[in-house]
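The values are calculated or read from the model by the stated rules, or taken from the named source; none is laboratory data. Please read these numbers as outputs of a predicted model, since none were measured by experiment. Virtual Cβ from ideal backbone geometry, glycine too; neighbours counted across all protein chains shown. Side chains included, ligands, DNA and RNA excluded: accessible areas come from the protein's heavy atoms. Shrake-Rupley method; radii C 1.70, N 1.55, O 1.52, S 1.80 Å.
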Amino acid sequence: GFVPGLFGTSHGALQFMAYEDLKERYNKYRNRVSDTKLNTVEYIMMAAVSKIFAVAATYPYQVVRARLQDQHNTYSGVFDVIHRTWR
């Protein structure tokens, strides 16, 4: 599970990237300067949407990692896990 574990570090990076992009696009949509402070509800919405994006993008890797770590099944590698899970 070392390679899938490394892939898991991308979760935080994806969330941060999405959060910053959402804030910038939202401020542009509202015709405001890109670094304008948001109100509490806007911050919560940006955080929630960015978290949903990050989870949706990285959840499949967590399934693969968990299956690789399962002691009751034997897999020949990451691609074998993906193939057998897809089936």
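List of remarks:
- Per residue Cα convex hull volume in Å³ - calculated over the chain: 111 Å³
- Charge tally for M17 (other residues, Cβ to Cβ under 15 Å; Lys, Arg +1; Asp, Glu -1): 0.
- In Å², nearest 10: area of Y61 left accessible to a 1.4 Å probe: 30 Å²
- Tensor-based shape of region 36-86 (alpha-carbon gyration tensor, a/c under 1.5 rounded, otherwise prolate or oblate): prolate
- Only Lys, Arg, Asp and Glu carry charge here, each on its Cβ (+1 for the first two, -1 for the last two); on that basis the chain has a dipole of about 200 debye about its Cα centre.
- Sparse-neighbour loop sites [trypsin sites (Lys or Arg not before Pro); region 1-61; at most 15 other C-beta within 10 Å; DSSP]: R30, R32, K37
- Calculated mean residue ellipticity at 222 nm for the chain: -25500 deg cm²/dmol, from DSSP H runs with n ≥ 4 weighted as -39500 (n - 2.57), summed, divided by the residue count and rounded to 500.
- Mean separation of Cα contacts under 8 Å, 6 or more apart, over the residue count of the chain: relative contact order %: 37 percent
- Neighbour net charge for Y43 - beta-carbon separation under 13 angstrom, K R +1, D E -1: +1
- In the full protein context, the chain carries 77 Å² of accessible surface per residue, based on a 1.4 Å probe and ignoring ligands, DNA and RNA.
- Against the main long axis of the alpha-carbon atoms of the chain, helix 10-29 sits at an angle near 30°.
- Sequence of F53, F2 from largest to smallest accessible area, 1.4 Å probe: F2, F53
- Apportionment of accessible area to carbon and sulfur, the chain, percent (1.4 Å): 62 percent
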